[in-house]
1. Specify the residue that is farthest from Tyr80 (Cα to Cα); the eligible residues are those in the range 1-43 that are more than 15 Å from the chain's Cα centre (by Cα) and open to solvent by 80 Å² or more (accessible area, probe 1.4 Å).
2. If the requirement is being surrounded by 14 or more Cβ atoms within 10 Å (Cβ to Cβ), in a loop (DSSP other than H, G, I, E, B) and at pLDDT 95 or above, which of these qualifies: Leu81, Leu86?
3. Take the residues in the range 95-107 that are of a type in the set (A, V, I, L, M, F, W, C) and in a strand (DSSP E or B), then tell me which one is most open to solvent (accessible area, probe 1.4 Å).
4. Among the residues of the range 53-78, write down those that are part of a strand (DSSP E or B) and in contact (Cβ under 8 Å) with a residue 12 or more places away in the chain.
5. Criterion first (open to solvent by 60 Å² or more (accessible area, probe 1.4 Å), farther than 19 Å from Val12 by Cβ and not in a loop (DSSP other than H, G, I, E, B)) does Thr110 satisfy it?
6. Would you tally the residues in the range 113-125 being open to solvent by less than 40 Å² (accessible area, probe 1.4 Å) and more than 22 Å from Gln3 (Cβ to Cβ)?
7. Which one of the conditions (1) surrounded by fewer than 14 Cβ atoms within 10 Å (Cβ to Cβ); (2) closer than 15 Å to Ser17 by Cα; (3) in contact (Cβ under 8 Å) with a residue 12 or more places away in the chain; (4) out of contact with any helix residue (DSSP H, G or I) (no Cβ under 9 Å at 6 or more places or on another chain) does Ala92 fail to meet, given that it meets all the rest?
Amino acid sequence: QVQLVESGGGLVQAGGSLRLSCAASGRTSSTYKMGWFRQAPGNEREFVTTISWSGGSTYYADSVKGRFTISRDNARNTVYLQMNSLKPEDTAVYFCAAGTYWRDGYSRTTSYDYWGQGTQVTVSS
């Protein structure tokens with residue numbers, strides 16, 4: 001019902017910046033809650049950030065707070081993740097996710113109903 005496609009990943013040196021995009025299509029009424037997660041090989045998928053439909057509520061993992069910024073443009077059905085001051089430990093596949101209700105939570109993978117295919121971010125030292 002909802003399709004999510006990430007883009008914008010790539011290779012960047014430590015201290016650099018990247019902007020990821022997530023384009024949603026289908027039943028966009030089910031995208032009230034949007035989030036970004038990341039997963040490195042051998043690791044579990046971890047929460048990065050989330051945003052409400054209006055953009056009025058945002059939450060960040062402590063590891064990225066102050067460096068990453070999430071935003072959304074509902075007219076374009078697109079969510080963005082601006083990543084600054086990148087570190088090698090930020091290297092991972094970044095996934096976009098969508099859910100319907102805040103009451104389901106926002107920091108667990110089970111809080112979301114739809115997922116994109118992911119985009120690779122590699123930060124070199």
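1. Out of the qualifying residues, it is Gly42.
2. Working: Leu81 fails: in a loop (DSSP other than H, G, I, E, B).
Checking each option against the conditions leaves just Leu86.
3. Our first condition is that a residue be of a type in the set (A, V, I, L, M, F, W, C); within the range 95-107, this holds for 95-98, 102.
Those left that are additionally in a strand (DSSP E or B): 95-98.
Details: Phe95: 23, Cys96: 0, Ala97: 0, Ala98: 0 Å².
Once the filter is applied, the top-ranked residue is Phe95.
4. Of the range 53-78, the ones part of a strand (DSSP E or B) are 58-60, 68-73, 78.
Within the range 53-78, Thr58, Tyr59, Tyr60, Phe68, Thr69, Ile70, Ser71, Arg72, Thr78 qualify.
5. On the way: open to solvent by 60 Å² or more (accessible area, probe 1.4 Å): yes; farther than 19 Å from Val12 by Cβ: yes; not in a loop (DSSP other than H, G, I, E, B): yes.
It is true that Thr110 is open to solvent by 60 Å² or more (accessible area, probe 1.4 Å), farther than 19 Å from Val12 by Cβ and not in a loop (DSSP other than H, G, I, E, B).
6. Here is the first cut: in the range 113-125, the ones open to solvent by less than 40 Å² (accessible area, probe 1.4 Å) are 116, 118-119, 121, 123.
Adding the requirement that they be more than 22 Å from Gln3 (Cβ to Cβ) leaves 123.
Residues flagged as open to solvent by less than 40 Å² (accessible area, probe 1.4 Å) and more than 22 Å from Gln3 (Cβ to Cβ) within the range 113-125 amount to 1.
7. All conditions pass for Ala92, except number (1).
The values are calculated or read from the model by the stated rules, or taken from the named source; none is laboratory data. Just so it is clear, the structure is predicted and the values come from calculations on it, not from any experiment. Methodologically, a virtual Cβ is constructed for each residue, glycine included, from the backbone with ideal geometry; neighbour enumeration extends over all protein chains shown. With ligands, DNA and RNA removed, areas are computed over all heavy atoms of the protein, side chains included. Shrake-Rupley method; radii C 1.70, N 1.55, O 1.52, S 1.80 Å.
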